[in-house]
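Presented below is the structure to which this report refers.
The values are calculated or read from the model by the stated rules, or taken from the named source; none is laboratory data. Quick caveat: nothing in here was measured; it's all calculated off a predicted structure. We place every Cβ from the backbone using ideal geometry, glycine too, and count neighbours over all the protein chains shown.
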């Protein structure tokens, strides 16, 4: 089977020749820069360049030798826009690791003298800050923190473009959606489709809860859901309107060439959902349905939802909304045991992730322990298809390279 055939079979609940494997097909299935640099050195890839394409999470773009070495089956459409060396510049991580970053970040990234880096928006406002001597960023500015007004809702596309994700995450859906750019993204997608066998994933996002929290701040928006539902509905309606308009144009360009549309909306915590199932049904389910149905209207692509945390109670409604694929399958969270998920939802969902615990086994286990965990997870989640192998979320900086190799080799074997 080709990689594309393998992934499409798995998502369609047909058992492929082996479980498909993902590394970096989207921004929560990848590897942080320091871990990637260690991995390429461990494998003796002397010509490797650690390119940090997502500065917020400090993620490295997997290079072709890595994709080949581990028989990776999925590719991110955004990767095709990040391969030109002239669009990169040298940078040094806080531990001294030399990397490259997008050249256009020069006007936004600056040291503050306290071991931190700052990212500024177009108006000079500091929008993101790295903790001292760390290589990731936290949000520092919330455009709607002081309230939701009709005037601010009208300006929402601009406010969203000033978010830290839009500024430093080099993904197709974060670029200005001009007609010229849509022609270019369609050209690149068509080329990847015709000239490679990878399953092609493209990030769109379509976030509702997360975007509302990026705009209002998480505590303010969660209080809105309970204490000011009218305001929450107005904000979510406007976000849905923006997403639907963008999705129609975006999929009009790339829809024929991609296999998976990646949506995102973190809905859970380690201990369960961020809000009750009743609140999800009132505030999010109807709007998620609209967005995910639009994917099917404009393409034959599968709907991939990234949602961290314990979301067991919400999964039946996610299926109702039209989700085909669930990631990262955070099996350490409450009620997210892999046996339970496969038994109760395995006929309706493809699980993408959950193959190795990043919070424990991958970081602290031996290669032998990692191999055993991967084998157990594949025996639970793999039968009958409906599974794509990936670790739970990104591989963090301190994961030893031999553990990464042990995990990916065990998945292939």
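Are any of the residues in segment 397-410 touching a residue at least 60 places away in the same chain (Cβ under 8 Å), surrounded by fewer than 23 Cβ atoms within 10 Å (Cβ to Cβ), in contact with a strand residue (DSSP E or B) (Cβ under 8 Å, 6 or more places away or on another chain) and not in a loop (DSSP other than H, G, I, E, B)?
Scanning segment 397-410 turns up no residue that is touching a residue at least 60 places away in the same chain (Cβ under 8 Å), surrounded by fewer than 23 Cβ atoms within 10 Å (Cβ to Cβ), in contact with a strand residue (DSSP E or B) (Cβ under 8 Å, 6 or more places away or on another chain) and not in a loop (DSSP other than H, G, I, E, B).
Where residues in segment 356-367 are touching a residue at least 40 places away in the same chain (Cβ under 8 Å) and assigned to a helix (DSSP H, G or I), which of them is surrounded by the most Cβ atoms within 10 Å (Cβ to Cβ)?
Residue satisfying both the conditions and the ranking: 362.
Among the residues of segment 29-48 satisfying the criterion of being surrounded by 23 or more Cβ atoms within 10 Å (Cβ to Cβ) and in a loop (DSSP other than H, G, I, E, B), which is farthest from the chain's Cα centre (by Cα)?
Only one residue fits best here, namely 30.
Do we find that residue 59 is in contact with a helix residue (DSSP H, G or I) (Cβ under 9 Å, 6 or more places away or on another chain) and within 25 Å of residue 301 (Cβ to Cβ) in this structure? Before the answer, list the steps.
Values: in contact with a helix residue (DSSP H, G or I) (Cβ under 9 Å, 6 or more places away or on another chain): yes; within 25 Å of residue 301 (Cβ to Cβ): yes.
In short, yes.
Report yes if residue 254 is assigned to a loop (DSSP other than H, G, I, E, B), surrounded by 19 or more Cβ atoms within 10 Å (Cβ to Cβ) and in contact with a helix residue (DSSP H, G or I) (Cβ under 8 Å, 6 or more places away or on another chain), otherwise no.
Values: assigned to a loop (DSSP other than H, G, I, E, B): no; surrounded by 19 or more Cβ atoms within 10 Å (Cβ to Cβ): yes; in contact with a helix residue (DSSP H, G or I) (Cβ under 8 Å, 6 or more places away or on another chain): yes.
In short, no.
Checking residue 342 against (1) touching a strand residue (DSSP E or B) at 6+ places or on another chain (Cβ under 9 Å); (2) under 22 Å from residue 395 (Cα atoms), only one condition comes out false. Which one?
Unmet for residue 342, out of (1) touching a strand residue (DSSP E or B) at 6+ places or on another chain (Cβ under 9 Å); (2) under 22 Å from residue 395 (Cα atoms): (2).
For residue 386, state whether it is in contact (Cβ under 8 Å) with a residue 40 or more places away in the chain and in contact with a strand residue (DSSP E or B) (Cβ under 9 Å, 6 or more places away or on another chain).
Working: in contact (Cβ under 8 Å) with a residue 40 or more places away in the chain: yes; in contact with a strand residue (DSSP E or B) (Cβ under 9 Å, 6 or more places away or on another chain): yes.
Yes: the conditions hold for residue 386.
Mind checking which pairs have a first residue in segment 224-241 that is closer than 12 Å to residue 154 by Cα and a second that is assigned to a helix (DSSP H, G or I), Cβ under 6 Å, 6 or more apart or different chains?
235/212; 238/153; 238/156; 239/211
Determine whether segment 329-346 contains at least one residue that is under 21 Å from the mean Cα position of the chain (by Cα), at pLDDT 95 or above, under 18 Å from residue 31 (Cα atoms) and part of a loop (DSSP other than H, G, I, E, B).
So far as segment 329-346 goes, yes, one or more of its residues are under 21 Å from the mean Cα position of the chain (by Cα), at pLDDT 95 or above, under 18 Å from residue 31 (Cα atoms) and part of a loop (DSSP other than H, G, I, E, B).
Please tell me if residue 196 is more than 17 Å from residue 121 (Cβ to Cβ) and at pLDDT 95 or above.
Numbers: more than 17 Å from residue 121 (Cβ to Cβ): yes; at pLDDT 95 or above: yes.
So residue 196 passes the test.
Any idea how many residues of segment 149-170 are within 14 Å of residue 125 (Cβ to Cβ), at pLDDT below 65 and outside any loop (DSSP other than H, G, I, E, B)?
4
Look through 315, 370 and report the one residue that is in contact (Cβ under 8 Å) with a residue 12 or more places away in the chain, farther than 26 Å from residue 275 by Cβ and part of a helix (DSSP H, G or I). Walk me through how you get there before you give the answer.
On the way: 315 fails: farther than 26 Å from residue 275 by Cβ.
Exactly one residue qualifies, and that residue is 370.
Given the criterion surrounded by 19 or more Cβ atoms within 10 Å (Cβ to Cβ), in contact (Cβ under 8 Å) with a residue 12 or more places away in the chain and in contact with a strand residue (DSSP E or B) (Cβ under 9 Å, 6 or more places away or on another chain), identify the matching residue among 268, 206. Full working, then the answer.
Numbers: 268 fails: in contact with a strand residue (DSSP E or B) (Cβ under 9 Å, 6 or more places away or on another chain).
Residue meeting the stated conditions: 206.
Is it fair to say residue 293 is part of a helix (DSSP H, G or I) and either over 17 Å from the mean Cα position of the chain (by Cα) or at pLDDT below 95 (or both)? Steps first, please.
Working: part of a helix (DSSP H, G or I): yes; either over 17 Å from the mean Cα position of the chain (by Cα) or at pLDDT below 95 (or both): yes.
The answer is yes for residue 293.
Scan segment 124-148 for residues that are in a loop (DSSP other than H, G, I, E, B) and over 24 Å from residue 224 (Cα atoms) and report the count.
So in segment 124-148, the residues in a loop (DSSP other than H, G, I, E, B) come out as 124-125, 130-137, 140-148.
Of the ones still in play, those that are also over 24 Å from residue 224 (Cα atoms) are 124-125, 130-137.
Number satisfying all stated conditions: 10.
Of the conditions (1) in a helix (DSSP H, G or I); (2) touching a strand residue (DSSP E or B) at 6+ places or on another chain (Cβ under 9 Å); (3) buried (at least 20 other Cβ atoms within 10 Å of the Cβ), residue 304 clears all except one; give me its number.
(1)
Could you grab me the full set of residues in segment 92-123 that are in a loop (DSSP other than H, G, I, E, B), in contact (Cβ under 8 Å) with a residue 24 or more places away in the chain, touching a strand residue (DSSP E or B) at 6+ places or on another chain (Cβ under 7 Å) and over 21 Å from residue 158 (Cβ atoms)? Quick ask: steps written out before the conclusion?
Here is the first cut: in segment 92-123, the residues in a loop (DSSP other than H, G, I, E, B) are 93-97, 108, 112-116, 121-123.
Filter again for in contact (Cβ under 8 Å) with a residue 24 or more places away in the chain, leaving 93-95, 97, 108, 121-123.
Add one more test, that the residue is touching a strand residue (DSSP E or B) at 6+ places or on another chain (Cβ under 7 Å), and what stays is 93, 108, 121.
Across segment 92-123, the qualifying residue is only 93.
Of everything in segment 51-90, what is part of a strand (DSSP E or B) and either within 24 Å of residue 352 (Cα to Cα) or in contact (Cβ under 8 Å) with a residue 60 or more places away in the chain (or both)? Give them in sequence order. Write out each step before concluding.
Step one: filter segment 51-90 for residues part of a strand (DSSP E or B), giving 51-54, 59-60, 74-76, 88-90.
Result: 52, 53, 54, 59, 60, 74, 75, 76.
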